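Asker: Quick one: the structure is below, and I'll ask about it shortly.
The values are calculated or read from the model by the stated rules, or taken from the named source; none is laboratory data. Since we're looking at a predicted model, the values are computed, not measured. With ideal geometry, Cβ positions are generated from the backbone for all residues, glycine too; neighbour counts draw on all protein chains shown.
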Amino acid sequence: MQFKTGKKWNFSMEKLYPLRFTPVYKDYLWGGDRIPRLYNRNEPPGIYAESWEISTHPDGSTPIANGPFAGKTIHDLPPAVKTELLGTNVQGDDFPLLIKLIDAREILSVQVHPNDGNAAAVGGEAKTEMWYFLEGDPHAQIYCGLKPGIGKAEFLQAMEDKTFADILQPVPATPGEAVFVPGGRVHAIDIGCLILEIQQNSNTTYRIYDWERVGADGNPRDMHIDKAMQVIDWDNNGDPRCEIRGTTIQSCEYFQLDRFELTAEERFPVSGESFHALFVAEGAGTIRWDDGEEKLAAGQSWLVPAGLGEYSIFPDGKLTLLRTTVP
């Protein structure tokens, strides 16, 4: 597609199109460099613990990388354009999710996030999330939820004894599988996981235990025990593994993730109710819509406007596509 160029334009005169974004990277001390290596991103050497792929959060808003809106963010678009972009299922005019990649070279802290019912009371943002396992080292795993019979007393004892691994549910991080992590569920990502995370638009994390690790300054990282104890849901400890049904990996009130294994052209209608946030998990191809097309490559994230009508994906061989929508 030949996009218009120039420093000025009238938003109302521009047609919406599938948006690609410039990621925002986080160099948390537990991260590795697998994200730029695996997806051939031209980045300098360093730690790339997280790649915020599509975000409007103040801690990392991702700029648009293609077309007439390049350099702008979703926040810069006028309300009428944002409504057409996001869809009628989205309340308000802000992107409701944060979509990111996580590369755990080391284990993450034991942590918990608030939910809609208690976030305001602790001054945080509600965060329900899910993890889709893209790749993992041999024996890679995560911890999600407490083992049966573990209550507040056993939890506090494990905190004192520093034996958290004994009370958390381990789950293999098998590529192609996923887990659901509602707000209030204690969890930790272990060594060697590469994850696509879909979550509410939040950056609130309460650390409970950090495996006796110190930060870059040589001091232990801050813990948030008081707030964590207020938001832990002691009854929220069922099997976290997503039960995959057809194309649907997980569906909840905040998001739905679907997976498509494409070997030939596939058409995707867009009803106006929700955007389609796409992640190319593997393979390459082309995305085509009424008046344009763009090349797709593994590791790219795209936001297809809710008002686009229809688009098609043409894979070069086999292409695995992960699609996030708002139910």
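Asker: Test of understanding: among 20, 34, which residue is more than 25 Å from residue 288 (Cα to Cα), in contact with a strand residue (DSSP E or B) (Cβ under 6 Å, 6 or more places away or on another chain), of a type in the set (Lys, Arg) and modelled with pLDDT of 95 or more?
Answerer: 34
Asker: Determine if the stretch 208-229 includes at least one residue that is among the hydrophobic types (A, V, I, L, M, F, W, C) and farther than 23 Å from residue 29 by Cβ.
Answerer: yes
Asker: Test of understanding: among 53, 106, 84, 43, which residue is closer than 20 Å to residue 257 by Cβ, not hydrophobic (A, V, I, L, M, F, W, C) and not assigned by TED's automatic domain parsing to the domain that holds residue 298?
Answerer: 53 is the lone residue from the list that is closer than 20 Å to residue 257 by Cβ, not hydrophobic (A, V, I, L, M, F, W, C) and not assigned by TED's automatic domain parsing to the domain that holds residue 298.
Asker: Also, I was wondering about something else. Does the stretch 67-82 hold any residues that are over 20 Å from residue 292 (Cβ atoms) and touching a residue at least 24 places away in the same chain (Cβ under 8 Å), and which are they?
Answerer: 78, 80
Asker: Examine the stretch 80-92 for a residue that is modelled with pLDDT of 95 or more, on the phi > 0 side of the Ramachandran plot, part of a loop (DSSP other than H, G, I, E, B) and touching a Gly at 6+ places or on another chain (Cβ under 7 Å), and state whether such a residue exists.
Answerer: Scanning the stretch 80-92 turns up at least one residue that is modelled with pLDDT of 95 or more, on the phi > 0 side of the Ramachandran plot, part of a loop (DSSP other than H, G, I, E, B) and touching a Gly at 6+ places or on another chain (Cβ under 7 Å).
Asker: Among the residues of the stretch 238-247, is any hydrophobic (A, V, I, L, M, F, W, C), outside any loop (DSSP other than H, G, I, E, B) and either outside the structural domain of residue 73 (by TED's automatic domain parsing) or farther than 20 Å from residue 196 by Cα (or both)?
Answerer: No, the stretch 238-247 contains no residue that is hydrophobic (A, V, I, L, M, F, W, C), outside any loop (DSSP other than H, G, I, E, B) and either outside the structural domain of residue 73 (by TED's automatic domain parsing) or farther than 20 Å from residue 196 by Cα (or both).
Asker: Could you say whether any residue in the stretch 106-115 is outside any strand (DSSP E or B), out of contact with any Phe, Trp or Tyr (no Cβ under 9 Å at 6 or more places or on another chain) and free of Cβ contacts under 8 Å to residues at least 12 places away in the same chain?
Answerer: no
Asker: Return yes when residue 285 is free of Cβ contacts under 8 Å to residues at least 60 places away in the same chain and either surrounded by 19 or more Cβ atoms within 10 Å (Cβ to Cβ) or within 21 Å of residue 73 (Cα to Cα) (or both) and no when it is not.
Answerer: Answer is yes for this residue.
Asker: Suppose we keep only residues that are part of a strand (DSSP E or B) and among the charged types (D, E, K, R) within the stretch 116-163. Which one would you say is surrounded by the most Cβ atoms within 10 Å (Cβ to Cβ)?
Answerer: Checking each candidate, the answer is 129.
Asker: List the pairs whose first member sits in the stretch 232-251 and is more than 20 Å from residue 186 (Cα to Cα), whose second member is of a type in the set (Lys, Arg) and buried (at least 16 other Cβ atoms within 10 Å of the Cβ), and whose Cβ atoms are under 9 Å apart, counting only residues at least 6 apart or on separate chains?
Answerer: Once the first residue is more than 20 Å from residue 186 (Cα to Cα) and sits in the stretch 232-251, its partners that are of a type in the set (Lys, Arg) and buried (at least 16 other Cβ atoms within 10 Å of the Cβ) give 244/259; 247/259; 247/323; 248/259; 249/259.
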